[in-house]
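All remarks here apply to the structure that follows.
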Amino acid sequence: METKRGTIQERLDQAIRKVPNFPKPGILFYDLTGILMNPSVYQECLQALMEPVIRFKGNALAAIEARGFLFAAPLAQQLGIPLILVRKKGKLPGKTISKTFDLEYGTDTIEVHREDVRPEFRIVLVDDLIATGGTLKAAISLIEEAGSKVVGVVSVVGLPFLKFRERLGNLPVHTLLEYHTE
Ligand code: AMP
């Protein structure tokens, strides 16, 4: 069997396109579409995200629209556990519970189907990239208000200089790759 050279972090880093000044001046955008274009890196990434979900004893996943879905859906499928979608306001047809939170400019509202959030769930939130952690923080309080426990967060990329760990308090956060420059 052929063995892989280098580390998973090196393979993910190679697959991630860095786009300066997108979507606005001063932002370095980490574009994860290259992971989706490389099935072996995508699979390796999903495999690596499984370990912390199991360690956190998660029995359901939740993911935030839209890029979080790309990692959460195959992960939930491979683990054989349910997936709750956290969507922008007005997209879910059933009875919902919602949360409005502050953005840099203005506010945003996220929703979940009320009946999907069950008291027996130990939910792990999945995202593509954690920047400030502001959206995740809103999703955590939404899920907890709706009646489930959030036991951890997993993400492909983390930007710790934006202080997401401080914002998420004591909740365990597992990222596969971190970038440390602004
Ligand atoms: P935040 O609430 O600040 O953690 O960011 C919310 C979402 O915006 C993340 O889950 C990413 O999908 C996206 N995002 C924020 N900053 C970046 C960035 N520098 N590169 C790529 N995606 C980003």
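Does a label point 7 Å from the Cα of Glu104, set along Cα-to-beta-carbon, have any residues of the stretch 2-44 with amide nitrogen under 16 Å, and which are they? Zone members listed by number: 19-31. Would any residue of the stretch 51-68 have its amide N under 14 Å from a label point 7 Å out along Cα→Cβ of Lys149? List them or say none. 56-60, by backbone N distance to the label point.
All C-alpha pair distances within the chain, sorted into 10 Å bins from zero, spread as 9, 37, 37, 15, 2, 0 percent across the bins.
Just how far, in whole angstrom, is the stretch 9-68 from the stretch 146-182 if you go by their alpha carbon centroids? Here the answer is 13 Å between Cα centres. In this simple spin-label model, placing a label point 7 Å from the Cα along the Cα-to-Cβ direction at both Arg122 and Phe29 gives a separation of 3.8 nm.
Could you line up Thr175, Thr3 from fewest to most neighbouring Cβ atoms inside 10 Å?
Final ranking by Cβ density, sparse to dense: Thr3, Thr175.
Taken along the Cα-to-beta-carbon direction at a fixed 7 Å, the label points for Ile8 and Leu36 span 2.1 nm.
Placing unit charges on the Cβ atoms only, positive for Lys and Arg and negative for Asp and Glu, gives the chain a dipole magnitude near 220 debye about its Cα centre. In loop segments of the stretch 63-142 as defined by DSSP, the trypsin sites (Lys or Arg not before Pro) with at most 11 further C-beta atoms inside 10 Å of their C-beta are Lys91, Lys95. Report, in listed order, any pair from Lys88/Lys137; Lys57/Lys163; Lys24/Lys99; Lys57/Lys89; Lys24/Lys163 with a Cα-Cα distance greater than 23 Å. Listed pairs above 23 Å: Lys57/Lys163; Lys24/Lys99; Lys57/Lys89.
Only beta bridges with both residues in the chain are counted; by DSSP, about 40 percent of them are antiparallel. Ordered by the count of other Cβ atoms within 10 Å of each Cβ, fewest first, Phe101, Phe121 give Phe101, Phe121.
Residues whose amide H lies under 5 Å from that of Ile130, counting only those 5 or more places away or on a different chain, are Val157, Gly158, Leu159; hydrogens are built 1.01 Å from N in the peptide plane.
Each value in this text was obtained by applying a stated rule to the coordinates, not by laboratory testing. Since we're looking at a predicted model, the values are computed, not measured. All Cβ positions, even for glycine, are placed from backbone atoms using ideal geometry, and neighbour counts span all protein chains on display.
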